[in-house]
Amino acid sequence: MSTDTAPPATPAPTTPGQGRPLGRGRAALLGMVAVLLTVAVAELLAALAGWAGLLSSSASPVGSLGGAFIDVSPGSLVEWAKQNLGAPGDKVALGIGMGLTLLLAGALIGLVARVRLTIGLTLAVLLAVVAAVAIESRADAGVFELLPLAIGAFAGCRYLWTALRPRYSTGTGVRTADRRQFLMFAGYGALGAAIAGALSRMIPSGAATAESRAAVTLPTAEMQSETGVQTLNSVPGISSYVTPNADFYRIDTAFVLPQVPTAGWKLRIHGMVDKEIEIDFAALAARPMLERMITLTCVSNPRGGDLVGNARWIGTRIADLLAEAGPQAGADCVLSADVKGFTVSTPLEALTDDRDSLLAIGMNGEPLPVEHGFPVRMVVPGLYGYVSATKWVVDMEVTRFDKVMAYWTGLGWSDHGPIKTSSRIDVPGDTAAAGQVPVAGVAWAQHRGISGVQVQINAGDGWSAWADAELSRPVSTDTWVQWVYRWDAKPGDYKIHCRAIDLDGKPQIGEDSDVIPDGATGYHQISVTVTA
Ligand SMILES: Nc1nc2c(c(=O)[nH]1)N[C@H]1C(S)=C(S)[C@@H](COP(=O)(O)O)O[C@H]1N2
Ligand SMILES: [Mo]
């Protein structure tokens, strides 16, 4: 044996444990697959459990992360998304943002795990803890809602460990040089995630709620007299006096729609009351019911906006229920909450005076649509939705404004949200043919009522005098009125604006102001070109 026959400097690895570290790109990819697998498995289990009625929808990590994100984001961001993206665009944007964040976190976990598997796994567990906190921040989540996430996280960590451990042991796993093995791990992992993810989306998340909704028969209600009511529905293009449910605007912070079957619903009235009340759906539906037409308006409705709609609501009077609870002296506010913990503060007076504030279960002859609060929501004539119209309501605390903070009022919106007198032009559009052109729209001053609507027209030589429009005859002061001004239009370019006047003779504010903190003011104005 001669000493100059040295062994080769770099022996080819013969066992899986002896490879060079996995490349960075591949490790990052495996980390992303691990996170996707975690999320997909958890979503599938949550969907199955929700479908079987075992867990609330808060068990979905994606849903709860989205909901919690909206709750902690600055109001300005939520408001921006609502205004610029609208529903459901704002939720889609949030979903995409969340997906990218998860992928980024996965890549980071993979990169760290490549160097130190234990630290990578610890990061993965931390990510799961963040999701767990989001789940537990939902009002309807108990400890069992964590189970799908826990199982998903276990699957993801197990996958990562199996894929990356060959650096530490001689077990199976991805070897650096072995392209086939890497593709197998990444491929099977991604396939598993895709299948679990797709299955989770195929399970009808709202099945139990849809079934529960189909089983609701609306009780007979004391109807509102509609004698003397005259609509202007025949004016082409005008908003229908009653807004069909499918066209009704929708505003909420819910990332995924709360699914609340009647069987699981109950309302608790507590706080500064002589007697706490807990009432389930059957008991609520057995109370005296009224049908009332009430126009709902969003404080974020811009001049000319469409965040306003009129419906026939069936419900029971909140004032009567509150009277049974007996509000105590000093209370001036009711803090209501939905099933996920979203809150609204309403002046107690608006819920106890003689207006028909309702716990509504019906909308335009149907049980409430899920997106409008099934099974029960509040509807209060005269107040903007953010201080009154709690959907999926499960809790009402009689309290004081100086003791509580509700979701939107905590973000700089006014505590008291009486609806401002306002009006909108629906027609004409940008162009019209010369002749008689109906200028028409809607006007509202809920619970005060509208006495008139006027228009001014400007042909470029200054505004005309205010001209009175013809009004529809509404069912009560709690709804909008339709109006039409039959304009004898000659060819030219025009600006038209309108104003409403309430029953006290007070015209709407003409000066422009933004929606925050208590609703927009100013005239809605349109431009029209009249052709010969
Ligand atoms: N649970 C819940 N209720 C809610 C909201 C919400 O975000 N969550 N938004 C309120 C706002 S700002 C308005 S304007 C009305 C809108 O009711 P709609 O979506 O049925 O039109 O609901 C109110 N009730
Ligand atoms: Mo709103």
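Within region 236-256, which residues are out of contact with any Phe, Trp or Tyr (no Cβ under 9 Å at 6 or more places or on another chain), more than 16 Å from ligand 2 (Cβ to nearest atom) and in contact (Cβ under 8 Å) with a residue 12 or more places away in the chain?
If the condition is that a residue be out of contact with any Phe, Trp or Tyr (no Cβ under 9 Å at 6 or more places or on another chain), more than 16 Å from ligand 2 (Cβ to nearest atom) and in contact (Cβ under 8 Å) with a residue 12 or more places away in the chain, then PRO236, GLY237, VAL242, PRO244, ASN245, ASP247, VAL256 are the ones that fit.
Looking at ASP332, ASP354 in this structure, which one is more than 16 Å from ligand 2 (Cβ to nearest atom), touching a Phe, Trp or Tyr at 6+ places or on another chain (Cβ under 8 Å) and open to solvent by 30 Å² or more (accessible area, probe 1.4 Å)?
Answer to the check: ASP332.
Residues checked against (1) farther than 22 Å from ASP512 by Cβ; (2) within 14 Å of ligand 2 (Cβ to nearest atom); (3) within 22 Å of the chain's Cα centre (by Cα):
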| site | (1), (2), (3) |
| --- | --- |
| SER388 | yes, yes, yes |
| ASP402 | yes, no, no |
| ALA440 | yes, no, no |
| GLN456 | no, no, no |
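Could you please find all residues in region 266-298 being in contact (Cβ under 8 Å) with a residue 60 or more places away in the chain and not hydrophobic (A, V, I, L, M, F, W, C)?
LYS266, ARG268, HIS270, GLY271, PRO288, GLU291, ARG292, THR295, THR297
Counting only residues that are within 16 Å of ligand 2 (Cβ to nearest atom) and over 18 Å from the mean Cα position of the chain (by Cα), which one in region 364-386 is nearest to ILE450 (Cα to Cα)?
The residue in question is GLY382.
Let me spell it out: the conditions are (1) open to solvent by less than 30 Å² (accessible area, probe 1.4 Å); (2) among the small types (Gly, Ala, Ser); (3) at pLDDT below 95, and SER388 meets all of them except one. Which number is the exception?
For SER388, the failing item is (3).
Looking for whichever is open to solvent by less than 50 Å² (accessible area, probe 1.4 Å), within 20 Å of TRP444 (Cβ to Cβ) and not assigned by TED's automatic domain parsing to the domain that holds ALA443 here; the options are SER300, SER345. Which one fits?
Of the residues listed, the single one that is open to solvent by less than 50 Å² (accessible area, probe 1.4 Å), within 20 Å of TRP444 (Cβ to Cβ) and not assigned by TED's automatic domain parsing to the domain that holds ALA443 is SER300.
Given the criterion within 16 Å of ligand 1 (Cβ to nearest atom) and either over 18 Å from the mean Cα position of the chain (by Cα) or not β-branched (Val, Ile, Thr) (or both), identify the matching residue among PRO261, PRO244, PRO236.
Within the list PRO261, PRO244, PRO236, the selection yields PRO244.
Do you know which residues across region 493-524 are more than 24 Å from TRP80 (Cβ to Cβ) and part of a strand (DSSP E or B)?
Scanning region 493-524 gives ASP493, TYR494, LYS495, ILE496, HIS497, CYS498, ARG499, ALA500, ILE501, ASP502, PRO507.
Residues of region 42-61 being buried (at least 24 other Cβ atoms within 10 Å of the Cβ) and either in a loop (DSSP other than H, G, I, E, B) or among the acidic types (Asp, Glu) (or both), which ones?
The answer is GLU43, SER56, SER60.
State all residues of region 282-321 that are over 22 Å from SER240 (Cβ atoms), in a loop (DSSP other than H, G, I, E, B) and within 16 Å of ligand 1 (Cβ to nearest atom); if no residue qualifies, say none.
VAL299, SER300
The values are calculated or read from the model by the stated rules, or taken from the named source; none is laboratory data. Because the structure is a prediction, the values reported are computed rather than measured. Backbone-built Cβ (ideal geometry, glycine too); neighbour counts: all protein chains shown. Surface areas here come from the heavy atoms of the whole protein model, side chains and all, with no ligands, DNA or RNA. Shrake-Rupley method; radii C 1.70, N 1.55, O 1.52, S 1.80 Å.
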